[in-house]
């Protein structure tokens with residue numbers, strides 16, 4: 001291949017099935033197609049030679065046509081485990097048409113052997129494995145597999161190629177500040193993929209990425225995709241957040257941020273204050289379980305010996321909504337775990353509570369332990385809320401599944417859900433500031449909620465109670481109340497067949 005070749009590259013992001021986090025049914029209220037764009041592929045696109053022609057098809061936004069595939073010299077695919085079925089269909093189509101495939105991302109890094117007919121695997125982190133592939137491609141000797149245990153310095157990672165997407169099709173943009181996690185939870189594959197050392201970008205790089213999003217015309221939500229945003233608290237407090245606060249004030253608060261953190265955020269008042277001042281309004285926290293023995297079992301030592309409800313309430317008091325992650329299916333879970341989780345979610349006021357069944361992704365400590373115990377059954381689906389479990393649990397299987405369904409059918413029933421929303425809004429006091437706050441707060445979404453939830457919906461009685469209560473008692477939070485009502489509709493649609 002000649003170095004000056006005008007290579008045509010199609011980057012494809014596979015279909016993401018309907019799940020808890022897809023927000024598919026909620027997105028229809030605001031005429032959006034997907035929650036977030038494929039940040040990994042957009043970053044890879046920025047690493048490809050400038051002279052190459054590049055197109056991106058996000059199958060969650062638009063269909064992948066044969067004409068798209070026929071145009072390309074190479075099709076680049078990045079995916080997570082939950083997209084496996086769509087990936088196989090794409091690879092089959094590429095093989096049939098005769099276009100070469102280059103694949104990477106978490107799905108392939110932990111299980112590339114499951115895929116036939118792929119021309120090139122570029123595994124692990126692209127900053128390390130993509131350059132040698134590109135060099136070999138130029139020289140006409142590209143290999144089948146590129147892999148490395150080396151962890152890159154992400155301060156050298158380029159700004160994503162945002163020009164390849166139509167931002168108006170998405171609910172929120174996304175950005176990455178760090179990779180890696182210092183904790184070693186048995187069920188989690190983050191350390192397998194990105195290591196135990198927290199690698200971060202500098203403030204100049206973060207501000208450049210925010211500025212780039214701003215210059216593209218984006219105004220709205222920005223999700224920091226870090227698996228634990230507060231892995232390096234000192235750098236956040238001394239460098240990143242103060243710089244972000246200054247930038248946000250100068251730009252008149254164009255964004256609202258959210259991210260994922262560990263529960264020890266509640267231990268640091270200064271950090272919470274800085275995050276809220278910088279524009280963060282919600283955080284996802286892995287709470288997992290209120291059962292101490294199960295926390296010991298899965299190495300979730302950070303959550304032990306705490307009043308977890310008090311920790312959640314404290315984060316909420318600082319002006320951060322808490323989205324909670326919970327798991328059932330641990331070996332040490334007692335039969336009372338289902339009622340305990342229902343009570344915990346109710347008491348904590350966590351509106352968005354993702355309760356999943358324990359699963360063992362490849363490469364995790366849990367996977368290796370269960371493999372030794374001959375308890376593994378199959379590969380994970382990538383969706384821990386689809387009632388699937390890939391190992392033999394200690395609890396009776398039917399008891400576990402019935403208990404799990406009871407949790408979902410209780411916490412997302414209209415009666416319980418709207419009561420939890422009202423309880424949260426009664427106590428929630430976000431930071432008062434001028435400028436943008438990102439909610440489903442335009443007229444179209446309000447009218448659609450009135451129609452589908454207030455007139456047609458089975459929850460119309462609870463909807464109108466919340467509507468008028470928030471309108472007259474907490475008018476500033478009225479848009480958030482409508483947002484939560486729409487969220488609840490989505491969650492019930494996802495779980496209605498359970």
Practice task
Could you check how many residues of region 262-301 are buried (at least 16 other Cβ atoms within 10 Å of the Cβ) and closer than 24 Å to residue 343 by Cβ?
Solution key: 20
Handout entry: Residue that is surrounded by the fewest Cβ atoms within 10 Å (Cβ to Cβ), among those in region 144-155 that are in a loop (DSSP other than H, G, I, E, B) and in contact with a strand residue (DSSP E or B) (Cβ under 9 Å, 6 or more places away or on another chain)
Key = 144
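Tell me yes or no: at least one residue of region 359-371 is over 22 Å from residue 87 (Cβ atoms) and not in a helix (DSSP H, G or I). Reasoning before the result, please.
Pass one, region 359-371, residues over 22 Å from residue 87 (Cβ atoms): 365-366, 368-371.
In the following step, the residues that additionally are not in a helix (DSSP H, G or I) were identified as none.
Checking region 359-371: not a single residue is over 22 Å from residue 87 (Cβ atoms) and not in a helix (DSSP H, G or I).
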Exercise for the section: Confirm whether residue 75 is more than 21 Å from the chain's Cα centre (by Cα), touching a residue at least 60 places away in the same chain (Cβ under 8 Å) and either within 24 Å of residue 220 (Cα to Cα) or buried (at least 17 other Cβ atoms within 10 Å of the Cβ) (or both). Expected result: yes
Handout entry: Which numbered condition residue 3 fails, given (1) in a helix (DSSP H, G or I); (2) modelled with pLDDT under 95
Key = (1)
Exercise for the section: Could you look through region 111-138, keep only residues that are out of contact with any helix residue (DSSP H, G or I) (no Cβ under 7 Å at 6 or more places or on another chain), within 28 Å of residue 191 (Cβ to Cβ) and in a loop (DSSP other than H, G, I, E, B), and pick out the one that is modelled with the lowest pLDDT? Expected result: 111
Practice task
State which residue pairs qualify: first residue not assigned by TED's automatic domain parsing to the domain that holds residue 281 and inside region 438-464, second residue modelled with pLDDT under 90 and assigned to a loop (DSSP other than H, G, I, E, B) in any location, beta carbons under 6 Å apart, and separation of 6 or more residues or different chains.
Solution key: none
Practice task
Being closer than 30 Å to residue 385 by Cα and part of a strand (DSSP E or B) narrows it down to one of 75, 87, 57, 61, so name that one.
Solution key: 57
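Picking from 327, 389, 350, which residue would you name as being in contact with a helix residue (DSSP H, G or I) (Cβ under 7 Å, 6 or more places away or on another chain) and either on the phi < 0 side of the Ramachandran plot or not in a loop (DSSP other than H, G, I, E, B) (or both)?
Details: 327 fails: in contact with a helix residue (DSSP H, G or I) (Cβ under 7 Å, 6 or more places away or on another chain); 389 fails: in contact with a helix residue (DSSP H, G or I) (Cβ under 7 Å, 6 or more places away or on another chain).
Within the list 327, 389, 350, the selection yields 350.
State all residues of region 181-196 that are assigned to a loop (DSSP other than H, G, I, E, B) and either more than 27 Å from residue 247 (Cβ to Cβ) or touching a strand residue (DSSP E or B) at 6+ places or on another chain (Cβ under 6 Å) (or both); if no residue qualifies, say none. Write out each step before concluding.
We begin by selecting, within region 181-196, every residue assigned to a loop (DSSP other than H, G, I, E, B); these are 181-189, 195-196.
Within region 181-196, 182, 183, 184, 185, 186, 187, 188, 189, 195, 196 qualify.
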Fill in the blank from the handout: Picking from 431, 341, the residue that is over 21 Å from the mean Cα position of the chain (by Cα), surrounded by fewer than 21 Cβ atoms within 10 Å (Cβ to Cβ) and under 30 Å from residue 315 (Cα atoms) would be 431
Practice task
For region 320-338, enumerate the residues that are surrounded by fewer than 21 Cβ atoms within 10 Å (Cβ to Cβ) and either more than 28 Å from residue 423 (Cβ to Cβ) or within 21 Å of the chain's Cα centre (by Cα) (or both).
Solution key: 323, 325, 326, 331, 332
Practice task
Go through 94, 141 for me and flag whichever is surrounded by fewer than 21 Cβ atoms within 10 Å (Cβ to Cβ) and either modelled with pLDDT of 95 or more or not assigned by TED's automatic domain parsing to the domain that holds residue 359 (or both).
Solution key: 141
Exercise for the section: Take region 259-286 and flag every residue that is in contact with a helix residue (DSSP H, G or I) (Cβ under 6 Å, 6 or more places away or on another chain) and under 17 Å from residue 327 (Cα atoms). Expected result: 262, 263, 285
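Here's a check for you: in region 243-272, which residue that is assigned to a helix (DSSP H, G or I) and farther than 24 Å from residue 181 by Cβ is farthest from the chain's Cα centre (by Cα)? Full working, then the answer.
Going residue by residue through region 243-272, those that are assigned to a helix (DSSP H, G or I) are 243-250, 263-267, 269-272.
Then drop every residue that is not farther than 24 Å from residue 181 by Cβ, which leaves 245-250.
Details: 245: 24, 246: 27, 247: 25, 248: 24, 249: 27, 250: 29 Å.
Once the filter is applied, the top-ranked residue is 250.
Of these, 183, 115, which one is over 23 Å from residue 57 (Cβ atoms) and surrounded by 15 or more Cβ atoms within 10 Å (Cβ to Cβ)? Break it down stepwise before answering.
Working: 115 fails: over 23 Å from residue 57 (Cβ atoms).
Exactly one residue qualifies, and that residue is 183.
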Completion exercise
All conditions in (1) surrounded by fewer than 19 Cβ atoms within 10 Å (Cβ to Cβ); (2) free of Cβ contacts under 8 Å to residues at least 40 places away in the same chain; (3) touching a helix residue (DSSP H, G or I) at 6+ places or on another chain (Cβ under 9 Å) are true of residue 238 except (3)
Completion exercise
Of (1) buried (at least 19 other Cβ atoms within 10 Å of the Cβ); (2) more than 24 Å from the chain's Cα centre (by Cα), residue 65 fails just (1)
Exercise for the section: Answer yes or no as to whether residue 412 is buried (at least 20 other Cβ atoms within 10 Å of the Cβ), in contact with a strand residue (DSSP E or B) (Cβ under 6 Å, 6 or more places away or on another chain) and under 25 Å from residue 484 (Cα atoms). Expected result: no
Handout entry: Residue under evaluation residue 45, criteria (1) within 30 Å of residue 354 (Cα to Cα); (2) within 23 Å of the chain's Cα centre (by Cα), criterion not met
Key = (1)
Problem - Odd one out for residue 18, checked against (1) in a loop (DSSP other than H, G, I, E, B); (2) closer than 26 Å to residue 212 by Cβ - result: (2)
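The values are calculated or read from the model by the stated rules, or taken from the named source; none is laboratory data. Note that the structure is a prediction, hence the values are computed from the model and not measured. Cβ: placed from backbone, ideal geometry, glycine included. Neighbour counts: every protein chain shown.
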